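Visitor: Here it is: the structure, laid out below.
Here, each number is a calculation from the coordinates, and none is a lab measurement. Quick caveat: nothing in here was measured; it's all calculated off a predicted structure. Every residue, glycine as well, gets a Cβ built from its backbone with ideal geometry; the counts of neighbours run over all protein chains shown.
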Protein chains: 2
Amino acid sequence: MNADQGTSPSQPPTIYDVARVAGVSIASVSRVLNGQRNPRAETRERVLQAVAQLGFVPDQAARALSARLKEVVGVVVRRPQWYDSSAFADEDENLQFPDMINRGMEFVAQRHGFDLLIRTVDLDEPDAGRHIFGLARKSDGLILHDRVLSPEQLDRLARQVPVVTLAGAPTPTTANVHGDNYGGMRELARHLIHDHHYRTFAFLAGHEGSPDSLDRGQALADEVAASGATLLQGEQWRGSYQATGGAQAITRLIADGVALPRVIACANDQSAMGVLYALALHGIDVPGEVAVTGFDDIPVARHLRPQLTTVRQPIQALGATAFETLYSMIGRTDPGQDARGRDIALPTTLVRRESCGCTPEDRSPVFPPRAPALPADPNTRQAD
Amino acid sequence: MNADQGTSPSQPPTIYDVARVAGVSIASVSRVLNGQRNPRAETRERVLQAVAQLGFVPDQAARALSARLKEVVGVVVRRPQWYDSSAFADEDENLQFPDMINRGMEFVAQRHGFDLLIRTVDLDEPDAGRHIFGLARKSDGLILHDRVLSPEQLDRLARQVPVVTLAGAPTPTTANVHGDNYGGMRELARHLIHDHHYRTFAFLAGHEGSPDSLDRGQALADEVAASGATLLQGEQWRGSYQATGGAQAITRLIADGVALPRVIACANDQSAMGVLYALALHGIDVPGEVAVTGFDDIPVARHLRPQLTTVRQPIQALGATAFETLYSMIGRTDPGQDARGRDIALPTTLVRRESCGCTPEDRSPVFPPRAPALPADPNTRQAD
DNA sequence: ACCGCTTTGGTAAGCGCTTTCCTAGCCGGA
DNA sequence: TCCGGCTAGGAAAGCGCTTACCAAAGCGGT
C-alpha cells in the first residue's frame, strides 16, 4: 500500500516490490510467473495476489538480458526512392504490400508473445547496413523485405542472428520466403495467350536484380516463346515496382514513338497502377487497345479502372510464414538443420478482372472481403 | 583475430571482447562509444579500431537496462472487428490509415534513434489491457491509436510511462493529437450546402464514442442547422469506420425502404468506400442521385469511382507529431509541464473530387504524388 | 526413530552494458 | 624539487530480471 494515488508519474513496480509485498524472495516471484518448478499453491497464491495488487509486469529489457531472449523480431522494409525530394511523396501508395505482409507476421508473432520492431531503410543512405545491424541488437532475429543488404553483409549478419528474407534467395545461413512467381506468371501468361489470343507482349520489370522480377519475367518470356508470340525487350521496360516508375516508363515510350505491345505485364500492381494512369492520360483504352496486368493483388487492385487482372499472392501468409520460419530458428543453438538454407514458396492464384479483357467479376451483395489468407494452423508451412 | 570464419553461427561480440582487443577496460570502450568525457585520442583510436574489426554493436537490452532507456516506443493499433470470423478478411483495407500514421512516426523516430514496436489489439479479447501494459514494458512510451483503453486503465498506464493518444482526448497525464475534425467537416459542409445547394444530409458515424466521429458529426449538424437544411438522424446511421460497416448500413436502409438523403457524409473514407459500393450495387448514381463524401483522404480515395471528395488530414504529420510529442515526454522526470495534458490539432484541407458533384480534377502528366505531408523541421509542432 | 529422497524457497551469480568513484599519472607554478 | 590541481582510465556497483546451487523441510520406508 504505497501512497502514489496522485497523478504524479511513478516508477513501475519491480520484482522486488512484489517479493516484499508477498513476503517471499524474488526467486519465488520469478518462478511463479514463469511456471517453473511449480511452487506450493499457497506461495503461488500470495505472489499472484501481490502481482495483481501492484499491477506488476516485468521489465522486458531486464528479462531479455537475463533470459537471452527479447521476444522481438526486427523487420526491415526498403523505403522507395522518391522521384522528387519531398519526404513522403508517394510512399503511402508504395508500401501497401509490405504493410500487409507485416500484418501477417504480427498476427502470428502475437501468438508467441513476440512483437515486431519495424524499420524502413533508405538504401541510398551512407550506411544503411549499420542501421540494420543496430536493429539486430534490439531483436532476436530479423526479417528482411526485398534486398536490403549486400550478400557479404547478409552473411555476416546471419552468422550473428537468425535471418529470414522475403523475395530474396536463400543462403546457407538464411531462409527465404516468396510467392510462386514463376508458376503465377506462367498461369497468367497462358491465360493471355490462349484465352485472349494476344500476340505481342512486354514485361515491365521491377528494380534491377530483384529475384521476384526476374522469375516473373522469365516465366512470361518462356510462355511467349513457346507460343511463338513476340516479347518486346529493352532497358526502357525497366520499372521500379512503383507507380511513378510505371507511369514514367510508359510516358517515355510514347514520347519516343515506340509502338506499344498488345499486352503490358507488370512486375507488380503498383507499376500497373502507374501504367494504367499513363495510358489513360494518352487516351489509350485498356483493355481495348492495350491490356495491362499486375502481380500481388494488393487491395486497391480491384478499385482501379479498369479493375486490374493480376496474380494474387497470399500476402499475409507470406508474412506469417516468414515469421514462423524465423521463430523456428530462434534459440536453436544446435548447429543442426533448422530452416536455414530453405527456400519456401507459397502458391499464387490468377485473378481475372477487367484489365486483361475479361468481363468484370460479379459484385457480391456485401462489400467483397478479401479471401481469408492465413491458415489457422500455426504450423502449416510449405517446404521448397 | 578469432577463428569464426566458418558458417557456424557465433555469438555477437560483447564490450568485453572489444576491451580485450583494444587492451583497455570496458569503461573506456563505453566512454568512447558514448562520447562522454572524451578520452585521449590514442585510446579512442584503439577502441574504434577494435570495434570496427569485431563489428561490435552494443546489445540494446543491456544498454536499456543500464541506461534506463530502450529507444523503443510502442504503438497500439486497434484491430477492426471482422464481420465474419476469418482471420484477416478486410483487414488489409481497413488499416491503411493507421499504417500511414505509423509511417510518419517512424520517419521522425529514426532521427532520434528510436524504433517502433507495433502491436494490433483486438478489443474483444479477454484482457486487451494486459497486452498493452506488456508492450509498455518493452518501450519507453506508448502511442495509442483510437480508443484502446478505458479511462481508468489509461490513467494507470500513463502514470507509469509517457502516453500519447491519437484521436482521443487529452487527460492530465496524456497528450492527444488529432486532425481538425470540426474545421474540416465545417468546410466540407459549407461546400456542399453553399456551392452545391444540397438540402438533405445524413452523417454516417464511426464507431461509438469516437471523438473524431463526434466532432465531425457535430460540425455537419451545426452547418446544416445554420442553413435550415435537413439532417437525417438515427441509429441506422452508425457505421464502424470500416467499408463493410458502410456497405451494410446502406444495404439495410435501402432494404427498409428508407428514402436516402441527397448527401451522405461519411465519418471516414473507408466507410465511404463501402457506401459507394452499396449504392453502385443498387444502381444508384453517385453523385447524380446521392452525393457521398469521406474524411481522411487515404490514398485509394482518388482511385475510387467516382473519385472521392473528402477532407484531407495530414496523415503522416499526425504520426510525426505524435512521436515528437511523446519524445518530449520521455526521460522527463521533472513533474513540470511537458506536453502532458495538451491537445494538439493539425489543420485539414478540403479535397474536391467527383463524388460531391464537382468535375474531376485535372490529371497531371506524372502519376500524382500525394502532397508532401511532413514539415522538414523536426521541431515544427502546433500547440493547442 | 533414523536415513535418504524429494520437494520448496532462499542466496547469489550472472546477463552486457553505463556510470560513479577513485587512483595514478601528468602538468605548471612556486 | 615539491605540491596542488587536472585529467584519463580502471575497478566496481548497479540496472531488474532468470536460474543454478544449496539448505531446510517434509515424507515414506525400514
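Visitor: Which cross-chain or sequence-distant (5 or more) residues have an amide H under 5 Å from the amide H of B:V311, H modelled 1.01 Å from N in plane?
Guide: Result for B:V311 returns B:G294, B:F295, B:D296, B:D297, B:V351.
Visitor: In debye, nearest 20: dipole of the protein assembly as shown around its Cα centre with unit charges on the Cβ of K, R (+) and D, E (-)?
Guide: Working: 76 positive and 92 negative charges, 426 e Å.
Roughly 2040 debye for the protein assembly as shown.
Visitor: In the stretch B:181-312, if the dipole is taken from +1 on Lys/Arg beta carbons and -1 on Asp/Glu beta carbons about the Cα centre, which of B:P287, B:Y198, B:S227 is farthest to the positive end?
Guide: Going by the Cα projections, it comes out as B:P287.
Visitor: In the stretch B:143-182, which trypsin sites (Lys or Arg not before Pro) are in a loop and have at most 11 other Cβ atoms within 10 Å, using DSSP for the loop call? Present the calculation step by step, with values, prior to reporting the outcome.
Guide: Details: sites: B:R147, B:R156, B:R159; in loops: B:R147.
Filter output for the stretch B:143-182: empty list.
Visitor: So, one more: When the Karplus curve 6.51 cos²θ - 1.76 cosθ + 1.60 is applied with θ = phi - 60°, which whole-Hz ³J(HN,Hα) does each residue of the stretch B:287-293 get, with x for Gly and Pro?
Guide: x, x, 9, 9, 8, 10, 10
Visitor: Apply 1/(1 + (r/R0)^6) to the Cβ-Cβ distance of B:E45 and A:D338, taking R0 = 56 Å, and write down the FRET efficiency to the nearest 0.05. Numbers along the way, then the final one.
Guide: Numbers: r = 41 Å, r/R0 = 0.73.
The calculated FRET efficiency here is 0.85.
Visitor: According to a simple spin-label model (label point 7 Å from Cα along Cα-to-Cβ), what is the distance in nm between B:H197 and A:H197?
Guide: 5.4 nm
Visitor: Now, a different point. Among B:V161, B:P172, B:L144, whose Cα projects farthest towards the positive end of the dipole of the stretch B:137-178, with charges put on the beta-carbon of Lys, Arg (+1) and Asp, Glu (-1)?
Guide: The residue sitting most towards the positive pole is B:V161.
Visitor: Between the stretch B:39-70 and the stretch B:191-216, what is the C-alpha centre distance in whole Å?
Guide: 56 Å
Visitor: How much length, in nm to one decimal, is gained on full extension between A:A52 and A:A225, taken as 0.36 nm per residue of separation minus their Cα-Cα distance? Don't jump to the answer; show the numbers that get you there.
Guide: Numbers: separation 173, 0.36 × 173 = 62.28 nm, distance 6.92 nm.
Extra length available between A:A52 and A:A225 comes to 55.4 nm.
Visitor: Please state the shape class of chain B: rounded when a/c is under 1.5, otherwise prolate if a/b exceeds b/c and oblate if not, all from the C-alpha gyration tensor. Write down the numbers at each step before the final one.
Guide: On the way: a/c = 2.42, a/b = 2.31, b/c = 1.05.
Prolate is the answer for chain B, as a/c is 1.5 or above and a/b outweighs b/c.
Visitor: Please give the helix B:211-227 orientation as an angle from the longest Cα principal axis of chain B, in degrees from 0 to 90, rounded to the nearest 10.
Guide: Result, in degrees: 30.
Visitor: Which order, highest average first, do B:40-46, B:163-169 follow once you tally other Cβ atoms within 10 Å for each residue and take the mean per peptide? Don't jump to the answer; show the numbers that get you there.
Guide: Values: B:40-46: 13.3, B:163-169: 24.3.
Sorting B:40-46, B:163-169 by mean packing, highest first, produces B:163-169, B:40-46.
Visitor: Quick one: angle between helix A:41-54 and the longest Cα principal axis of chain A, in degrees between 0 and 90, rounded to 10, please.
Guide: 70 degrees
Visitor: Need one value for B:131-138: mean number of C-beta atoms belonging to other chains within 10 Å of its residues' C-beta atoms.
Guide: Details: counts 3, 0, 4, 6, 3, 4, 9, 12.
Counting Cβ atoms of other protein chains within 10 Å of each residue's Cβ and averaging gives 5.
Visitor: First measure r as the distance between the Cβ atoms of B:Q36 and A:E235, then evaluate 1/(1 + (r/R0)^6) with R0 = 60 Å and state the FRET efficiency to the nearest 0.05. Before the final figure, lay out each step's value.
Guide: On the way: r = 52 Å, r/R0 = 0.87.
The formula returns an efficiency of 0.70 here.
Visitor: Next up: List the residues of the stretch B:215-249 whose backbone N lies under 17 Å from a point placed 7 Å from the Cα of B:I284 along the Cα-to-Cβ direction.
Guide: Flagged as within label range: B:230-240, B:243-249.
Visitor: Over chain B, what relative contact order in percent results from Cα pairs under 8 Å that are six or more residues apart? Numbers along the way, then the final one.
Guide: Working: 678 pairs, mean separation 60.2, N = 384.
Result for chain B is 16 percent.
Visitor: Between rounded, prolate and oblate, where does the protein assembly as shown land on the alpha carbon gyration tensor, with a ≥ b ≥ c its root eigenvalues, rounded for a/c under 1.5, else prolate if a/b exceeds b/c? It would help to have the intermediate numbers written out before the result.
Guide: Details: a/c = 1.85, a/b = 1.22, b/c = 1.51.
Because a/c hits 1.5 or more and a/b fails to exceed b/c, the protein assembly as shown counts as oblate.
Visitor: Still on this structure: Quantify how strongly other chains surround peptide A:300-307 by giving the mean number of their Cβ atoms within 10 Å of each of its Cβ atoms. Mind dumping the intermediate values first?
Guide: Values: counts 7, 1, 0, 9, 4, 3, 0, 0.
Mean partner-chain Cβ count within 10 Å for A:300-307: 3.
Visitor: Using a Förster distance of 51 angstrom, determine the FRET efficiency expected from the C-beta separation of A:D124 and B:S66, and round it to 0.05.
Guide: 0.90
Visitor: Taking every DSSP beta bridge with both residues inside chain A, roughly what % is antiparallel (nearest 5)? Provide the component values of the computation, followed by the final result.
Guide: On the way: 4 of 39 bridges.
Just about 10 percent of them are antiparallel.
Visitor: Can you tell me the dipole magnitude for the stretch B:181-312 around its Cα centre, using point charges on the Cβ only (Lys, Arg +1; Asp, Glu -1), in Debye to the nearest 20?
Guide: 200 debye
Visitor: How many angstrom lie between the C-alpha centres of the stretch B:249-307 and the stretch A:127-149?
Guide: 43 Å
Visitor: Sort B:H196, B:H145 by Cβ crowding within 10 Å, fewest neighbours at the top. Let's see the in-between values first.
Guide: Numbers: B:H196 15, B:H145 23.
Starting with the residue having the fewest Cβ neighbours, the order is B:H196, B:H145.
Visitor: Based solely on its DSSP helices, what 222 nm [θ] is calculated for the protein assembly as shown when runs of n ≥ 4 H residues each add -39,500 (n - 2.57) and the sum is averaged over all residues, nearest 500 deg cm²/dmol?
Guide: Numbers: 26 runs with 292 residues, N = 768.
One gets -11500 deg cm²/dmol as the mean residue ellipticity at 222 nm.
Visitor: Moving on to the next point. For a quick check of your reading of the filter: which trypsin sites (Lys or Arg not before Pro) in the stretch B:276-342 sit in a DSSP loop and have no more than 16 other Cβ atoms within 10 Å?
Guide: When the trypsin sites (Lys or Arg not before Pro) of the stretch B:276-342 are filtered for loop state and at most 16 Cβ neighbours within 10 Å, B:R332 remain.
Visitor: Hey, another quick one. For the stretch B:181-312, just say rounded, prolate or oblate: build the C-alpha gyration tensor, square-root its eigenvalues into a ≥ b ≥ c, call rounded for a/c under 1.5, and beyond that prolate if a/b exceeds b/c, oblate if not.
Guide: On the way: a/c = 1.23, a/b = 1.17, b/c = 1.05.
Because its axes are fairly even, with a/c under 1.5, the stretch B:181-312 counts as rounded.
Visitor: Ignore the peptide's own chain and count Cβ atoms of other chains within 10 Å of each Cβ in A:53-61; give me the average, rounded. Mind dumping the intermediate values first?
Guide: Details: counts 0, 0, 6, 2, 8, 2, 7, 12, 16.
Average per residue, whole number: 6.
Visitor: As I understand it, the value is the acute angle between the Cα axis of helix A:96-111 and the longest principal axis of the Cα atoms of chain A; what does it come to in degrees, rounded to 10?
Guide: Roughly 30 degrees between the two axes.
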